[in-house]
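Read the figures in this text as sums done on the coordinates, not as results from a lab. Computed from a prediction, not measured in an experiment: that's the story for all the values here. Methodologically, a virtual Cβ is constructed for each residue, glycine included, from the backbone with ideal geometry; neighbour enumeration extends over all protein chains shown.
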Amino acid sequence: MAHCVRTGPEVVCLLSPTENEKEVMAEGESIAKGVWKWAVLVSPFFFWGTAMVAMKKVIPKSGPFFVSAFRLIPAGFLLVAFATFRGRRFPSGFSAWLSISLFAFVDATCFQGFLAQGLQMTSAGLGSVIIDSQPLTVAVLAALFFGESIGIAGAAGLVLGVVGLILLELPALSFVDSNFSLWGSGEWWMLLAAQSMAVGTVMVRWVSKYSDPVMATGWHMVIGGLPLVAISILDGDPAINGSLKEFNSTDILALLYTSVFGSAVSYGVFFYCATKGSLTKLSSLTFFTPMFASIFGFLCLGETFSLLQLVGAIVTLAAIYMVNYRDTSACDIG
């Protein structure tokens, strides 16, 4: 079918797309939207995994609590500026600031503080397994407070995801002393960090009742980072004692990447999605984080990536599918 229009003395006829062509175009647009949606969903876990590689390079020079504070405060201000530019509502009222402050204490100060403490006392492999087991806690809390249910297959997927993580990090685990004590050890601090992140993930829906989720995420990072600055000073982190003079351009880029992408972008997307879709399904994507950390640790730092870890990656992907196969609405990206 042709559509003709007159352009001066001439008549130009354009062929209209056929029904088959329209269907192909619509299918292509649908695929593109689906790919974009999953790219956005996975992006926080990609940035968190690669940020761990960046942090590994600078912690010896700067100290763990300095890096934790630097991850939060500049990124928080950046996110607040972005939210302001986009015309998002500024927090106002006692309820808004109280919820943000409590959110900041749990998800920023406690999570990053426990993580920094644990990194000094345990292996990265075991710590990663413990941290990324937090979707199990999210699943339980989401079921209790929001009535979320993922069924038998989803529950099996969560357990399978932990198995995949263990396979991913088994080479590191083999070097851990079998006589270590969980209580009072680095493993205990990592467990506390995991629970802090899980509780924070659930809290964000309560926070979003009083504040815009993106604006609240930015401010919770700023507020939660301030106590870590004090701890860094009291703990005598190298960066506080003048070691920043020894930083080269690579170290500075690593810090900036950790703050901008490893915090501002990743936390903004993650907590926005946490207000829109299934908390359990969104949290299950956390299993991607150690996969990206292992891949880029191998590429950038020469860390081993064995056949066993590859099996673990496949098991982890299968687990994510089991949790999400009934409905991919972990986040409504519009």
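Tabulated data
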quantity	calculated
Packing-based ranking, highest mean first, of 152-161, 206-215 given that Cβ atoms within 10 Å are counted	206-215, 152-161
Label-point separation in nm, residue 235 to residue 144, each point 7 Å along Cα→Cβ	2.8
Under Karplus coefficients 6.51, -1.76 and 1.60, residue-wise ³J(HN,Hα) of the stretch 155-164 in Hz, glycine/proline x	5, 5, x, 4, 5, 4, x, 5, 4, x
Neighbour net charge for residue 67 - beta-carbon separation under 14 angstrom, K R +1, D E -1	+1
Residue 211 long-range amide H proximity, modeled H, under 5 Å	none
Per-pair calculated FRET efficiency, R0 = 45 Å: residue 245 and residue 36 via Cβ, rounded to 0.05	0.55
Charge context of residue 216, other residues only, Cβ under 15 angstrom, K/R +1, D/E -1	+4
Label-point gap, in nm, between residue 321 and residue 256 - each point 7 angstrom along Cα→Cβ	4.0
